[in-house]
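First up is the structure itself, then whatever we jot down about it.
The values are calculated or read from the model by the stated rules, or taken from the named source; none is laboratory data. Everything quoted here is computed from the prediction, not taken from an experiment. Neighbour counts are summed over all protein chains in view; Cβ atoms, including those assigned to glycine, are modelled from backbone coordinates with ideal geometry. SASA here: full protein model, heavy atoms, side chains in, ligands and nucleic acids out. Shrake-Rupley method; radii C 1.70, N 1.55, O 1.52, S 1.80 Å.
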Amino acid sequence: MTIQWFPGHMTKARRQIEDKLKLIDVVIELLDARVPLSSRNPMVDEILKGKPRLVLLNKNDLADPQVTAQWVKYFAEQGLPALPIDAATGTATKEILPRVKQLWAHKIERQLSKGINPRAVRALIVGIPNVGKSTLINQLAGKKIAATGDKPGVTKGQQWIKVGTEMDLLDTPGILWPKFEDQLVGQRLAATGAIKEELLHLDEIALFVVRYMVEHYGAALQERFGVTDLPEDMENVHEVVKVMEAIGRKRGAIVSGGKVDLDKASLIIIRDLRAGKMGRISLEKPQ
């Protein structure tokens, strides 16, 4: 399966970001803690041109904490501070402003030394669709400003948001890239909900999820769905489908004739993963 998606408004969003960069002091890059590199637009480094950056690993409550710790270390080695957060509950979001100010501290000190009262830090927030930008903005602003939803593509335009008196935040629409060169990236993003379901084959995404779960979180899969026999050869598609069928039977995804409705079973698997009902799962680890 080849996943390609580059709506026209995303091309426009890139141009808008480039136009506004001269006004920006610090960039906040929002990633999905379950798939940090896969949810990181490879064009961002090129677009941001070396601006100071804070990486936020959102949906941390759904990610494997041991793997997230590895990611924090990974980004630190790249010279990028990373902070695991959960925008939905507000976990660790109060640490964002101090971290942003720390990145801009040298300019603030310079203004103070000249007797100038420092202005609010101007931060740009970037992230792919459905990574939680609007939820985070509302959390930082302390009120509902940005539209939120559980589907990608909610934010359509740019807007400035005041975060108290110390930070002005520029929101932008999420930007995906023209084509996923590594199809595994597309599968991870589809599994976590960054790509609209209408663009996918659910059974192929569920196949990826089950294969990954068996390899890395087999006990969690067994506990959630009550399946017992997990295959050793996960490269054998038929063996993986058997696990999906067993899950479908356990959940009543049966059609006439006693056959399993694979589409329904696939949807159950994907939605349980996204809701954290299988436990805290990371679908990507640092190389």
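General remarks:
- Within region 100-134, the set of residues being in contact (Cβ under 8 Å) with a residue 60 or more places away in the chain and more than 19 Å from Lys22 (Cβ to Cβ) comprises Lys101, Gly127, Ile128, Pro129, Asn130, Val131, Gly132, Lys133.
- Screening Ala246 with (1) at pLDDT 90 or above; (2) part of a helix (DSSP H, G or I); (3) under 23 Å from Asn130 (Cα atoms); (4) of a type outside the set (S, T, N, Q) gives one miss only, at (3).
- Of all the criteria given as (1) in a helix (DSSP H, G or I); (2) touching a Leu at 6+ places or on another chain (Cβ under 9 Å); (3) open to solvent by less than 40 Å² (accessible area, probe 1.4 Å); (4) not hydrophobic (A, V, I, L, M, F, W, C), the one not satisfied by Glu95 is (3).
- For region 249-266, a residue qualifies if it is of a type outside the set (S, T, N, Q), in a helix (DSSP H, G or I) and open to solvent by less than 50 Å² (accessible area, probe 1.4 Å), and exactly one does: Ala265.
- Subset of region 92-127 that is closer than 16 Å to Leu169 by Cα and of a type in the set (Val, Ile, Thr) - its residue that is nearest to the chain's Cα centre (by Cα): Val126
- Filtered residues of region 223-245 (kept if crowded, with 16+ Cβ neighbours inside 10 Å and either more than 22 Å from Asp261 (Cβ to Cβ) or among the aliphatic types (A, V, I, L, M) (or both)): Val227, Leu230, Met234, Val240, Val241, Val243, Met244
- Filtered residue count, region 35-51, keeping only those that are more than 12 Å from Gly127 (Cβ to Cβ), part of a loop (DSSP other than H, G, I, E, B) and out of contact with any Asp or Glu (no Cβ under 7 Å at 6 or more places or on another chain): 5
- Only one of the numbered conditions (1) within 20 Å of Leu283 (Cβ to Cβ); (2) not in a helix (DSSP H, G or I) is not met by Val27, and that is (1).
- Considered as a group, the residues in region 54-73 that are under 17 Å from the mean Cα position of the chain (by Cα) and over 18 Å from Ala87 (Cβ atoms) include one that is surrounded by the fewest Cβ atoms within 10 Å (Cβ to Cβ), and that residue is Ala69.
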